[in-house]
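K.L.:
Below you will find the structure I want to go over with you.
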Amino acid sequence: METNHYLRPGEQAFAVALVLLSGLFFSEAYSISGFKGLTTGGVMPMLASGVMVVSSLAILAGTFSRLRSAETQTTIDYLFPLRVVLFASVVALYAVAIPYVGFILASGGFLFVAILGLWRKGPLWSLVISAVSMVAIYFLFRIVFQVVLPVGSLW
Amino acid sequence: MIETLGYLAISWVDPSLLLLTALGTFAGIYVGAIPGLSVTMAVSILISFTFKWDVNEALALICGIFVGGVYGGGRTAILLNIPGAPSAIATAIDGYPLAKKGQAGEAIGLTTVMSVVGGLIGVCALAVAAPLIAEFAIKFTSREYMLLGVIGILLVGTLSGESFAKGAFAGALGVMIGMVGLDPMTAESRFTYGSINLMGGIPFVVAMIGFFGVAEALVQLEHVAKLPIKQSVARVTPAWSDVRRYFKLAIKSSGIGTLIGALPGTGGDIAALLAYDHAKRTTKDPEVPFGEGAKEGLIAPETANNSAVGGAFVPMLTLGIPGDAVTAIIIGALFIHGLKPGPLLLTDTPHLFWFIVGNLTLANLFLLVFGLTGIRIFTKIVECPRAILIPLIVVLSAVGAYAIQNNPVHISWALGFGVAGYLLKRYGFQVGPVILGVILGPMIDSNYRRAMIGAQQNVGQFLYDLISHPISLVLSLALLAMLISQLPVIKEMRQN
């Protein structure tokens, strides 16, 4: 039983997506070894995905008995506000850039852009904070913890 | 006896371990206090860097962070009305009103002393109870471990989420993630799709960094523009009369905290809320009403959440079942170091158990020192804007995910899990059960299969075994009771 009595924007659609995803997981789990035995490698994945199917159906059923919120926020506004979308895009670019330009350059660039966008104190402040952070991170992880940091394929 | 004392004192006499414990406790206080950073997040990122260290060094740092972090969350709850950690939610109810009255220093001083009292009681309980439980747990078979694993995942889902279905879904999702890779018993491919990277499985640290670190960073974006509140802090050392007056309450709250912490899948947050509720119900004439700055409302949760630390280590070290999310990560750290938490840990590696006991005690003493000093600098540091913290969390998560196997693909995986965790969190799912599922899933899988082979692959015999052996019967009944208690009819009856 839900302790939250109001539906969040897009919650029903999300519950439907969970049911579909769980169904897909179950079919993938079934393809491992089918119902050949009780101790095969596919049994636990089928049990787990079976629990996912049942619980996602219960979650979906639960959404029908809850009230719609009086707030007029759309699903996009609730789930993907512009700030989250932009930040996630920068994070994705960062992940793509690491194998090419290496950790130091990619992280420095990411910190600069992200702090500039979120803090809005101007490029100079963002540059100083990112540079100081990178020096601290390099010192702590590379020198103290002796962690190998990812290098880029371009240089 | 002399040997045990020697193990207990390892971190007290070795300068590097002493320093690491102090550093961990100090860092933990700040990590726990800065809103947006959590102990779970810090420990999960840190684990990937410490796995090349000696196990004692890694544990000294992690224990320090754990003890400091649980306490640190209460400081921001008092000063800024923002609990730095879930275990400090109840602290804010009476702590912040006290700060508004200009008694922030006094409140912090009192919570520091009582937190140390709670922490030490939790450690004592660990030292006394764990060997007894471990001796009993040696009798456990595959069946019992399978049941314990399932109970552990479901307990977290039941107690921490919005609904049982969401908890069960999150736990099962975690088990699915834990199943990726080659089956350790038959080498059969499971969800690998021909990828070499997936054949080795998904390291749980990568999933943890994604679900706790990156997801939290995305959630925190909503609060990026919030300005921190500034508080003035005067005298920190608490009055002796206050310590004496509330000592009995601290002892009772420590008992609640230790017990709740020792239940698999619970933790400091639930312990703190229950202790607050207990204090509210049993305190007849508080000086100030609860919710308006009652010291009882401050002491009960803070003592309970610190005593829950010692409690949480009990199931972890004796049964291999985590007491909460942080101990789930510590289990992973022990596995990385080639150790197997469970009843045999105490007989095979007693030095490790007593080292943890001694180290937790030391961390609590450091807590007293750091807790009563440096408050003014502390208030400046916790005002660090989220706009700087959030990108830093992402960078630290990337280093952590990469460092575990020096594989750049793991960075993308962690970021992907972060997005999944963000979506789940936005719709009221807890990510704790997902991580427990990732860690306990393979254990449940292998124990289920062993138990089923033991029952000659006969479902009837397997079910009969679950109820015909005393320990299995108790665990099966506990599992059944948990499931029944979640039925809508029963919940409605309880509410009425």
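The values are calculated or read from the model by the stated rules, or taken from the named source; none is laboratory data. Everything numeric in this text was worked out from a predicted model, so none of it was measured. Ideal geometry is used to build each Cβ from the backbone, glycine not excepted, and the neighbour counts take in all protein chains shown. Surface accessibility is based on the protein's heavy atoms, side chains included, excluding ligands, DNA and RNA. Shrake-Rupley method; radii C 1.70, N 1.55, O 1.52, S 1.80 Å.
K.L.:
Please specify each residue of segment A:119-129 satisfying the condition of being out of contact with any Pro (no Cβ under 7 Å at 6 or more places or on another chain) and either at the interface with chain B (Cβ under 8 Å from one of its Cβ atoms) or surrounded by fewer than 20 Cβ atoms within 10 Å (Cβ to Cβ) (or both).
P.N.:
Matches in segment A:119-129: A:R120, A:K121, A:G122, A:P123, A:L124, A:W125, A:L127, A:V128, A:I129.
K.L.:
Can you report the number of residues in segment A:139-155 which are open to solvent by 30 Å² or more (accessible area, probe 1.4 Å), within 28 Å of B:V224 (Cβ to Cβ) and at the interface with chain B (Cβ under 10 Å from one of its Cβ atoms)?
P.N.:
1
K.L.:
While we're on this one: Scan segment A:41-59 for residues that are more than 7 Å from chain B (Cβ to nearest Cβ) and either closer than 18 Å to B:A451 by Cβ or within 22 Å of the chain's Cα centre (by Cα) (or both) and jot them down.
P.N.:
A:G42, A:V43, A:M46, A:L47, A:V53
K.L.:
Residue by residue through segment B:404-419, note down the ones that are in contact with a Leu (Cβ under 9 Å, 6 or more places away or on another chain) and either open to solvent by less than 30 Å² (accessible area, probe 1.4 Å) or at pLDDT 95 or above (or both).
P.N.:
B:G418
K.L.:
Scanning for something in contact with a strand residue (DSSP E or B) (Cβ under 9 Å, 6 or more places away or on another chain) and either farther than 30 Å from A:G23 by Cα or among the charged types (D, E, K, R) (or both), does segment A:95-112 turn up at least one residue?
P.N.:
No - not one qualifying residue is present in segment A:95-112.
K.L.:
A:F35 versus (1) more than 10 Å from chain B (Cβ to nearest Cβ); (2) closer than 21 Å to B:G428 by Cα; (3) open to solvent by 70 Å² or more (accessible area, probe 1.4 Å): which is the lone unmet condition?
P.N.:
(2)
K.L.:
Check segment B:321-331 and report whether any residue there is over 19 Å from the mean Cα position of the chain (by Cα) and buried (at least 24 other Cβ atoms within 10 Å of the Cβ).
P.N.:
Within segment B:321-331 (the criterion being over 19 Å from the mean Cα position of the chain (by Cα) and buried (at least 24 other Cβ atoms within 10 Å of the Cβ)), the answer is no, since none of the residues qualifies.
K.L.:
Report the residue count in segment A:91-118 for those that are open to solvent by less than 40 Å² (accessible area, probe 1.4 Å), part of a helix (DSSP H, G or I) and within 19 Å of B:G400 (Cα to Cα).
P.N.:
The number of residues fulfilling the criteria is 13.
K.L.:
Ok, one more. Which of the residues that make up segment B:410-429 are more than 7 Å from chain A (Cβ to nearest Cβ) and either closer than 22 Å to A:M134 by Cα or among the aromatic types (F, W, Y) (or both)?
P.N.:
B:H410, B:W413, B:A414, B:F417, B:Y422, B:F429
K.L.:
So which residues in segment B:172-184 are in a helix (DSSP H, G or I) and at the interface with chain A (Cβ under 8 Å from one of its Cβ atoms)?
P.N.:
Answer for segment B:172-184, where residues must be in a helix (DSSP H, G or I) and at the interface with chain A (Cβ under 8 Å from one of its Cβ atoms): B:A172, B:L173, B:V175, B:M176, B:M179.
K.L.:
Sort through B:L487, B:L473 and tell me the only one that's modelled with pLDDT of 90 or more and either out of contact with any Leu (no Cβ under 7 Å at 6 or more places or on another chain) or of a type in the set (F, W, Y) (or both).
P.N.:
Testing whether each residue is modelled with pLDDT of 90 or more and either out of contact with any Leu (no Cβ under 7 Å at 6 or more places or on another chain) or of a type in the set (F, W, Y) (or both) leaves just B:L473.
K.L.:
Name the helices (runs of 4 or more DSSP H) wholly within segment B:343-403 that hold at least 1 residues that are away from chain A (no Cβ under 14 Å) and not aromatic (F, W, Y)?
P.N.:
Once the helices (runs of 4 or more DSSP H) in segment B:343-403 are filtered for at least 1 residues that are away from chain A (no Cβ under 14 Å) and not aromatic (F, W, Y), what remains is B:343-348, B:350-371, B:375-381.
K.L.:
Which number in (1) within 8 Å of chain B (Cβ to nearest Cβ); (2) open to solvent by 30 Å² or more (accessible area, probe 1.4 Å); (3) modelled with pLDDT of 90 or more marks the one condition that A:A17 misses?
P.N.:
Failing condition for A:A17: (1).
K.L.:
Moving to a separate point now. Which of the residues that make up segment B:332-370 are at pLDDT below 90 and among the small types (G, A, S)?
P.N.:
Correct list: B:G332, B:A333, B:G338, B:G342.
K.L.:
For residues in segment A:60-82 being more than 9 Å from chain B (Cβ to nearest Cβ) and among the small types (G, A, S), which is least open to solvent (accessible area, probe 1.4 Å)?
P.N.:
A:S69
K.L.:
Looking at B:V236, B:V205, which one is touching a Leu at 6+ places or on another chain (Cβ under 6 Å), open to solvent by less than 50 Å² (accessible area, probe 1.4 Å) and of a type outside the set (D, E)?
P.N.:
B:V236
Residue by residue, here is whether (1) at the interface with chain A (Cβ under 10 Å from one of its Cβ atoms); (2) touching a Ser or Thr at 6+ places or on another chain (Cβ under 7 Å); (3) not β-branched (V, I, T) holds:
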| site | (1), (2), (3) |
| --- | --- |
| B:L436 | no, no, yes |
| B:A451 | yes, yes, yes |
| B:L466 | no, yes, yes |
| B:H469 | no, no, yes |
| B:E492 | yes, no, yes |
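K.L.:
Residue by residue through segment B:185-196, note down the ones that are within 13 Å of chain A (Cβ to nearest Cβ) and either assigned to a helix (DSSP H, G or I) or over 15 Å from B:V438 (Cβ atoms) (or both).
P.N.:
Hits for segment B:185-196 are B:M185, B:T186, B:A187, B:E188, B:S189, B:T192, B:Y193.
K.L.:
State all residues of segment B:358-373 that are open to solvent by less than 40 Å² (accessible area, probe 1.4 Å) and either touching a Leu at 6+ places or on another chain (Cβ under 6 Å) or without any contact (Cβ under 8 Å) to a residue 12 or more places away in the chain (or both); if no residue qualifies, say none.
P.N.:
B:G358, B:N364
K.L.:
Could you list, in sequence order, the residues of segment B:7-26 that are open to solvent by 40 Å² or more (accessible area, probe 1.4 Å) and assigned to a helix (DSSP H, G or I)?
P.N.:
Result: B:Y7, B:L8, B:I10, B:W12, B:V13, B:P15, B:S16, B:L18, B:L19, B:L23, B:F26.
K.L.:
Restricting to segment B:109-152, count the residues that are among the hydroxyl-bearing types (S, T, Y) and over 22 Å from B:G437 (Cβ atoms).
P.N.:
The number of residues fulfilling the criteria is 4.
K.L.:
While we're on this one: Based on this model, can you work out whether A:A29 counts as open to solvent by less than 50 Å² (accessible area, probe 1.4 Å), at the interface with chain B (Cβ under 10 Å from one of its Cβ atoms) and more than 19 Å from the chain's Cα centre (by Cα)?
P.N.:
yes
K.L.:
Oh, and also: From the list B:V128, B:V117, exactly one residue is within 25 Å of B:R244 (Cβ to Cβ) and either at pLDDT below 90 or part of a helix (DSSP H, G or I) (or both). Which is it?
P.N.:
Unique residue meeting the criteria: B:V117.
K.L.:
Tell me which of these A:A106 doesn't satisfy, since it passes every other one: (1) farther than 21 Å from B:I411 by Cβ; (2) out of contact with any Ser or Thr (no Cβ under 6 Å at 6 or more places or on another chain); (3) at the interface with chain B (Cβ under 10 Å from one of its Cβ atoms).
P.N.:
Checking A:A106 against (1) farther than 21 Å from B:I411 by Cβ; (2) out of contact with any Ser or Thr (no Cβ under 6 Å at 6 or more places or on another chain); (3) at the interface with chain B (Cβ under 10 Å from one of its Cβ atoms), the one that fails is (1).
K.L.:
Looking only at segment B:471-487, count how many residues are more than 14 Å from every other protein chain (Cβ to nearest Cβ) and among the polar types (S, T, N, Q).
P.N.:
2
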